Amino acid sequence: MLTSITDGIMCCLTGKSANTVAPLENSEPGDGYEFVEVKPGRVLRVRHIVPDRRGCETSGEEDQKPGGGVVHCKRKITVYRNGQLVIENLGDVVRSEILHCQNGNTEASSTVEVELSDYNSSATEPKPSHGAEAPPPPAGERRRKRKPKRTVVIDCDRKISSCKGIHSDVALFFIHGVGGSLDIWGSQLDFFSRLGYGVIAPDLAGHGASTAPLIAAAYTFYALAEDMRAIFKRYARKRNILIGHSYGVSFCTFLAHEYPDQVHKVVMVNGGGPTALEPSLCSIFNLPTCVLHCLAPCLAWSFLKAGFARQGAKEKQLLKEGNAFNVSSFVLRAMMSGQYWPEGDEVYHAELTVPILLVHGMHDKFVPIEEDQRMAEILLIAFLKVIDEGSHMVMMECPETVNTLLHEFFLWEPDLPSEVPAAQDSQPSQDNK
């Protein structure tokens, strides 16, 4: 603590950063670690595990077997000038209650009507149920047809199939958030690589063993998103599954929107609501770098308390092994102030047709559960799973539970019977309401 304060005072006096902005961990190539130059002088550490398939003689046959179901994704997204968002689901919508590796059915077309302006306040207001009509306008209000500000129509067919470890055309991408590193995914990387999956996990710029540029512009959302685009294009296969945590979820959303034909499924771990990113003007991370350096021990303690459901020796060791919240004050400040992404709003998320699993730790103090519930409401095909024993770092606290959930989701595929009459097909959905 005294060293941090002394370094911070020297930083203020000299005008130089108290932190050495450089990779925090030296990794030698090998053991699945690679160093990829995404731009001149910008090098990211990547853990890339390629499974040994020499014993899998049937993998080629499995790749050729037809499987999965084709979901008709059709929805109309209308934004009105008063901030109202109306989503009409006109095609097949897979119910969000069916994840456990069971075949999913479809429910009837539905309408979701929400407010764009402030969903936190509107969350307490009654909302029309699926298929319900909107309430009538107040008496005296001028009756006229509302003109939408923006209308988006999605109409496509998406084939969703089971992704097994023996399938050579499947790749898993793990993307961490602010202050983390690829090491926070250690349990997941080991688990899925043993099952035969090819896994890819990068360190964001300034994190882990990646290089840390000395300019704040290197840590904007757009700069980091382009890094992830370069990694994705380098390692992508035919069917790719993106797994993101916290801020890393935004990059998964970006890639799923940019490459809808290549991204097969997405997992969002404590990612928050479907709102556009904008840095807070009243955040503690707006303080000078030297002041943040003085406060580093307090910030680390606060992260431990908010990021884990328990704060014992085990959690401290997990934090150390995962190299989490172990970045320089300069990088931390630049990352927080660079979270500007106005395009990533509710409509942007509503346009996604990829199946998405949302994993939420009940004790998360960074991301309220209402935000993930809002995300599940906006997305077309979404499964929300809450882990009671977990918090923000749920994949480190409850690795077995998270691994099981993820594996079930990877193997899941919808079963959409086409020969069943509509009258018979609609009856089960009414019973489940």
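No value in this document is a laboratory result; all are computed from the given coordinates. Just so it is clear, the structure is predicted and the values come from calculations on it, not from any experiment. Heads up, the Cβs are rebuilt from the backbone with ideal geometry, glycines too, and the neighbour counts pull from every protein chain shown.
Below are the figures for this structure:
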| quantity | calculated |
| --- | --- |
| Peptides ranked, highest mean first, by Cβ atoms within 10 Å: ranges 246-258, 287-299 | 246-258, 287-299 |
| Alpha-carbon spread of the stretch 266-413, three principal axes, descending order, Å | 50, 38, 21 |
| For the stretch 250-325, diffusion coefficient by Stokes-Einstein and Kirkwood Rh (Cα), 25 °C, 0.890 mPa s, µm²/s | 156 µm²/s |
| Kirkwood estimate for the stretch 146-190, i.e. one over the average of 1/r between Cα atoms, Å | 15.3 Å |
| Kirkwood hydrodynamic radius of the stretch 184-264, from inverse mean 1/r over distinct Cα pairs, in Å | 13.7 Å |
| Largest to smallest principal axis extent of the C-alpha atoms in the stretch 239-285, angstrom | 41, 18, 16 |
| Cα-based convex hull volume of the stretch 288-342 per residue, rounded to whole Å³ | 93 Å³ |
| Farthest positive-ward along the stretch 159-318 dipole, Cα basis, beta-carbon charges - from 221, 260, 211 | 260 |
| Gain on full stretching of the segment that runs from residue 162 to residue 281 - 0.36 nm per residue minus C-alpha separation | 38.4 nm |
| P(r) weight above 20 Å for the stretch 322-404, C-alpha pairs, percent | 51 percent |
